[in-house]
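Right, one structure below, let's go through it.
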Amino acid sequence: MSDFVAEVQRLRERYPQGRSAIMGALRMAQERHGGWLPPEALREVADAMDLAPAQIQAVATFYDMYNLEPIGRHIVEVCTNLSCALVGAKQVVEAFEEQLGISPGETSDDGEVTLRLIECAGGCGYAPVVVVDNRYREPVKPEDVPAIVEELRG
Amino acid sequence: MAELTVLTGADERDLTRLDEYQAVGGYGALEKARAMPPEAVIEQINEAALRGRGGAGFPMGRKLSLVPPPDKRPGPAYVVANADESEPGAFKDREIMRRVPHRFVEGCLIAAHAIQAVEVFIYIRGEYLAEFLVLQAAIEEARLAGLLGDVEVLVHRGAGAYICGEESALLESLEGYRGQPRPRPPFPPVAGLYMQPTLINNVQTLASVPAIIELGVERYKELGVESAPGTVVYSLSGNVNRPGNYELPLGATLRELIFGCGHGVADGRGLKAIIPGGSSVPVFTPDQLDVALDFDAVQAAGSYLGSAAVIVVDDRACMVQLALRAEKFYMHESCGKCTPCREGTRWLVQLLEKIEAGEGTQADLDLVVGVCDRIEGKSLCALGDFAVWCVGSYVEKFRDEFQAHIDLGRCPYGGESSIEGVSAPSDQHTHTAMAEVPA
Ligand SMILES: Cc1cc2nc3c(=O)[nH]c(=O)nc-3n(C[C@H](O)[C@H](O)[C@H](O)COP(=O)(O)O)c2cc1C
Ligand code: SF4
Ligand code: FES
């Protein structure tokens with residue numbers, strides 16, 4: 001049994017019904033595949049879960065945090081929902097666009113950084129909120145952006 | 001300073017640590033509750049009239065009483081904590097989990113005792129990684145100290161979907177399916193997780209339970225208002241000088257929160273609108289500053305307390321743009337299960353885009369209202385209602401501004417609105433494939 005299958009197996013045993021482990025299995029598979037879920041990752045999850053690939057795909061396509069396309073080594077996510085929008089999220093997005101030379105949804109040519117817009121991240125009181133590689137930076141002003149990009153590229 | 005019941009002690013001590021939490025009496029309520037028969041615990045929560053903090057304000061005691069006792073149920077019962085917090089404007093559960101994780105865990109354990117469950121699932125939104133780690137550490141500490149007893153507490157991470165905050169969608173997601181709401185009845189206390197009796201409550205609701213047991217019903221009821229005792233952590237954000245979470249007794253007014261705690265509107269601007277309960281609820285105007293922030297008072301004034309997330313909007317924001325940004329969120333988050341919400345949100349976005357661009361006609365504005373009517377109350381879950389309460393109320397309260405876009409053939413802010421051109425992540429993943437509405 002591969003490490004991955006064993007790990008998924010352990011997770012399945014923690015739930016009254018093993019199917020509940022599907023989200024955790026997808027997350028683990030994504031981590032093993034460089035931050036996204038190529039078709040073979042979905043097959044691996046299907047095998048480890050004893051489910052059909054279509055059942056895995058149905059779940060993987062539903063949730064925003066499963067990446068079904070390759071992403072950069074780093075990911076910068078900017079919240080543009082109401083509270084962040086009201087205090088200048090757009091200017092923060094623009095600063096990242098300028099520093100990275102890409103638009104939201106794109107990855108820099110060197111494959112280093114993906115820029116993305118997100119819905120409310122639950123940091124509205126510390127807006128504008130930027131999430132870099134799952135870590136919250138709050139608040140971020142446009143003038144903070146060059147240093148963040150430098151750090152990622154450094 | 002009024003007495004707190006949720007974040008109590010967190011300013012003075014590092015309550016993420018078990019020893020510190022126990023030093024202020026932590027887990028004392030659990031001990032007390034476990035010495036009581038389960039029905040007596042339910043009775044206390046009932047008498048304290050604790051209302052759910054997740055949005056609907058449903059009495060927790062009623063939910064507890066609806067869970068059949070062990071001899072009347074076919075299998076196990078479960079406690080599920082809703083830590084999916086994704087309502088735009090809300091960030092209170094995050095603070096509770098970060099700062100008083102043990103109080104939340106203690107509340108879960110008391111609830112488990114009350115319904116005689118031995119399994120607790122905490123569904124936390126996937127983005128809350130730091131909070132997940134704090135919570136895991138707290139649970140581990142409690143386990144090592146023998147506080148969990150025979151109860152298993154499992155933290156389940158979500159993966160990015162607002163709809164999974166809706167309780168039946170959350171249960172679907174937790175079972176390993178797409179997070180789409182279930183038709184009800186049956187309600188979760190009867191048939192919830194794995195179709196077993198399930199108590200599902202918000203993080204803050206559960207974190208409020210220890211204070212009830214600790215202080216006793218009478219003292220607890222001295223806080224807040226008759227119809228909603230206790231305190232609430234209000235999330236204050238938007239154009240305000242001091243945004244943040246503020247725990248106050250229920251019934252504090254918007255004025256106290258925004259001007260007292262929040263030090264008023266930022267940059268010396270004028271107040272234009274207030275969203276009292278997260279982006280989903282109908283908007284208030286400045287003449288409603290004296291509305292008390294409790295469930296019934298806010299409802300009597302035409303909105304909902306929701307998740308007690310107050311968003312302050314100053315006079316620089318164009319309301320059509322705000323409506324458009326809000327609606328894009330609901331379009332993005334619609335799970336696609338039912339037609340009015342799936343197609344209607346898309347339709348509203350297209351109409352609002354047209355109006356904002358100055359290309360809207362009178363008929364388009366009427367159609368916005370018409371589409372709202374055709375979604376509200378006709379969708380499977382409340383997300384459909386949320387998607388129209390915001391837009392519908394903006395049109396109702398700020399009709400002049402919508403009208404001006406049509407009369408002038410452009411946005412009256414002429415590019416100077418504070419939220420001009422803000423984009424939404426709608427170009428990425430949506431939960432469902434949607435057809436273009438013909439122009
Ligand atoms: C679209 C939608 C999103 C919701 N999001 C949340 C949420 O993030 N957190 C939450 O506690 N309740 C949320 N709710 C409310 C839950 O369905 C449910 O009422 C709540 O978890 C019950 O807990 P309570 O009684 O303790 O408030 C949401 C409801 C809807 C319709
Ligand atoms: S109202 Fe919207 S979110 Fe709710 S079930 Fe229907 S499509 Fe899904
Ligand atoms: S609106 Fe940006 S974090 Fe909530």
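Since every read-out is calculated from the coordinates, none of them should be taken as a lab result. Here the structure is a predicted model, which is why all the values come from computation and not from measurement. Methodologically, a virtual Cβ is constructed for each residue, glycine included, from the backbone with ideal geometry; neighbour enumeration extends over all protein chains shown.
Give me the strands (runs of 3 or more DSSP E) completely within segment B:179-297, filtered to those with at least 1 residues that are among the small types (G, A, S), ordered by residue number.
Values: elements: B:198-202, B:231-238, B:244-249, B:271-275.
Ranges flagged: B:231-238, B:244-249, B:271-275.
Can you pull out the residues in segment A:48-88 that are closer than 16 Å to A:V131 by Cα and more than 19 Å from the chain's Cα centre (by Cα)?
Answer for segment A:48-88, where residues must be closer than 16 Å to A:V131 by Cα and more than 19 Å from the chain's Cα centre (by Cα): A:S83, A:C84, A:A85, A:G88.
If you take the residues in segment B:203-230 that are among the polar types (S, T, N, Q) and over 15 Å from B:E3 (Cβ atoms), which one is nearest to ligand 3 (Cβ to nearest atom)?
B:Q204
List the helices (runs of 4 or more DSSP H) that sit entirely inside segment B:1-76 and contain at least 2 residues that are within 21 Å of the chain's Cα centre (by Cα) and among the hydrophobic types (A, V, I, L, M, F, W, C). Steps first, please.
Details: elements: B:18-23, B:28-34, B:38-47, B:60-66.
So the answer is B:60-66.
Show the residue pairs that are 6+ apart or on different chains and have beta-carbon atoms under 6 Å apart, the first residue being within segment B:220-240 and within 14 Å of chain A (Cβ to nearest Cβ), the second being among the acidic types (D, E).
Cβ pairs passing all conditions: B:V233/B:E247; B:N239/B:D314.
Does B:I124 satisfy being in contact (Cβ under 8 Å) with a residue 60 or more places away in the chain and either β-branched (V, I, T) or within 14 Å of chain A (Cβ to nearest Cβ) (or both)? So that I can check it myself, show each step before the final result.
On the way: in contact (Cβ under 8 Å) with a residue 60 or more places away in the chain: no; either β-branched (V, I, T) or within 14 Å of chain A (Cβ to nearest Cβ) (or both): yes.
So B:I124 does not fit the description; no.
Please state which one of B:E218, B:E256 is closer than 15 Å to B:I45 by Cα and out of contact with any Pro (no Cβ under 7 Å at 6 or more places or on another chain).
Numbers: B:E256 fails: closer than 15 Å to B:I45 by Cα.
Checking each option against the conditions leaves just B:E218.
Between A:V93, A:V113, which is within 12 Å of another protein chain (Cβ to nearest Cβ), among the hydrophobic types (A, V, I, L, M, F, W, C) and crowded, with 18+ Cβ neighbours inside 10 Å?
Details: A:V113 fails: within 12 Å of another protein chain (Cβ to nearest Cβ).
On inspection, the qualifying residue turns out to be A:V93.
Can you name every residue in segment A:134-154 that is in a helix (DSSP H, G or I) and facing another protein chain (nearest Cβ under 10 Å)?
Just the residues of segment A:134-154 that are in a helix (DSSP H, G or I), to begin with: A:142-153.
None; the set is empty.
I need the full set of residues from segment B:57-86 which are out of contact with any helix residue (DSSP H, G or I) (no Cβ under 8 Å at 6 or more places or on another chain) and closer than 27 Å to A:C120 by Cβ, in order please.
B:F58, B:K63
Applying the selection to segment A:62-77, what residues are touching a helix residue (DSSP H, G or I) at 6+ places or on another chain (Cβ under 6 Å) and at the interface with another protein chain (Cβ under 9 Å from one of its Cβ atoms)?
Within segment A:62-77, A:Y66 is the sole residue that qualifies.
Just checking, which of B:G146, B:G244 is free of Cβ contacts under 8 Å to residues at least 24 places away in the same chain, within 18 Å of the chain's Cα centre (by Cα) and more than 16 Å from ligand 2 (Cβ to nearest atom)?
On the way: B:G146 fails: within 18 Å of the chain's Cα centre (by Cα).
Of the residues listed, the single one that is free of Cβ contacts under 8 Å to residues at least 24 places away in the same chain, within 18 Å of the chain's Cα centre (by Cα) and more than 16 Å from ligand 2 (Cβ to nearest atom) is B:G244.
From B:K397, B:K354, B:K337, B:K378, grab the single residue that is more than 16 Å from ligand 3 (Cβ to nearest atom) and within 14 Å of chain A (Cβ to nearest Cβ). Steps first, answer last, please.
Details: B:K397 fails: within 14 Å of chain A (Cβ to nearest Cβ); B:K354 fails: within 14 Å of chain A (Cβ to nearest Cβ); B:K378 fails: within 14 Å of chain A (Cβ to nearest Cβ).
B:K337 is the lone residue from the list that is more than 16 Å from ligand 3 (Cβ to nearest atom) and within 14 Å of chain A (Cβ to nearest Cβ).
Condition first: among the charged types (D, E, K, R) and either within 16 Å of ligand 1 (Cβ to nearest atom) or within 20 Å of B:L293 (Cα to Cα) (or both). Now tell me which residues in segment B:203-237 satisfy that. Write out each step before concluding.
Step one: list which residues in segment B:203-237 are among the charged types (D, E, K, R), which gives B:214, B:218-219, B:221-222, B:226.
Matches in segment B:203-237: B:K221, B:E222, B:E226.
Any idea which of (1) within 11 Å of another protein chain (Cβ to nearest Cβ); (2) under 26 Å from B:G262 (Cα atoms); (3) assigned to a loop (DSSP other than H, G, I, E, B); (4) not polar (S, T, N, Q) is the one A:V131 doesn't satisfy?
Answer for A:V131: the failing condition is (3).
Exactly one condition in (1) surrounded by 22 or more Cβ atoms within 10 Å (Cβ to Cβ); (2) within 13 Å of ligand 1 (Cβ to nearest atom) is false for B:A382; which is it?
Only one criterion in (1) surrounded by 22 or more Cβ atoms within 10 Å (Cβ to Cβ); (2) within 13 Å of ligand 1 (Cβ to nearest atom) is unmet by B:A382, namely (1).
Mind listing just one residue for me: the one in segment B:81-95 that is under 13 Å from B:A308 (Cβ atoms) and not in a helix (DSSP H, G or I) and, of those, farthest from ligand 2 (Cβ to nearest atom)?
Taking the candidates together, the pick is B:F91.
Which residues, taken from segment B:162-206, are more than 13 Å from ligand 2 (Cβ to nearest atom), surrounded by fewer than 19 Cβ atoms within 10 Å (Cβ to Cβ) and more than 24 Å from A:A52 (Cβ to Cβ)?
Correct list: B:P185, B:P186, B:F187, B:V190, B:A191.
Name the residue, out of B:H113, B:H102, that is away from chain A (no Cβ under 13 Å), surrounded by fewer than 24 Cβ atoms within 10 Å (Cβ to Cβ) and farther than 23 Å from B:L305 by Cβ. Working first, answer last.
On the way: B:H102 fails: surrounded by fewer than 24 Cβ atoms within 10 Å (Cβ to Cβ).
The unique qualifying residue is B:H113.
Any residue at all in segment B:124-136 that's hydroxyl-bearing (S, T, Y), touching a strand residue (DSSP E or B) at 6+ places or on another chain (Cβ under 7 Å) and within 28 Å of B:G277 (Cβ to Cβ)?
Quick first cut of segment B:124-136, residues hydroxyl-bearing (S, T, Y) only: B:128.
Right, trim to touching a strand residue (DSSP E or B) at 6+ places or on another chain (Cβ under 7 Å) and you get none.
Looking through segment B:124-136, none of the residues is hydroxyl-bearing (S, T, Y), touching a strand residue (DSSP E or B) at 6+ places or on another chain (Cβ under 7 Å) and within 28 Å of B:G277 (Cβ to Cβ).
Name the residue, out of B:R125, B:R51, that is farther than 23 Å from B:L223 by Cβ and surrounded by 24 or more Cβ atoms within 10 Å (Cβ to Cβ). First the steps, then the outcome.
Numbers: B:R51 fails: farther than 23 Å from B:L223 by Cβ.
Only one candidate passes the filter, namely B:R125.
For segment A:94-109, indicate whether the set of residues that are out of contact with any strand residue (DSSP E or B) (no Cβ under 9 Å at 6 or more places or on another chain) and under 23 Å from B:S235 (Cα atoms) is non-empty.
No; the residues of segment A:94-109 include none that is out of contact with any strand residue (DSSP E or B) (no Cβ under 9 Å at 6 or more places or on another chain) and under 23 Å from B:S235 (Cα atoms).
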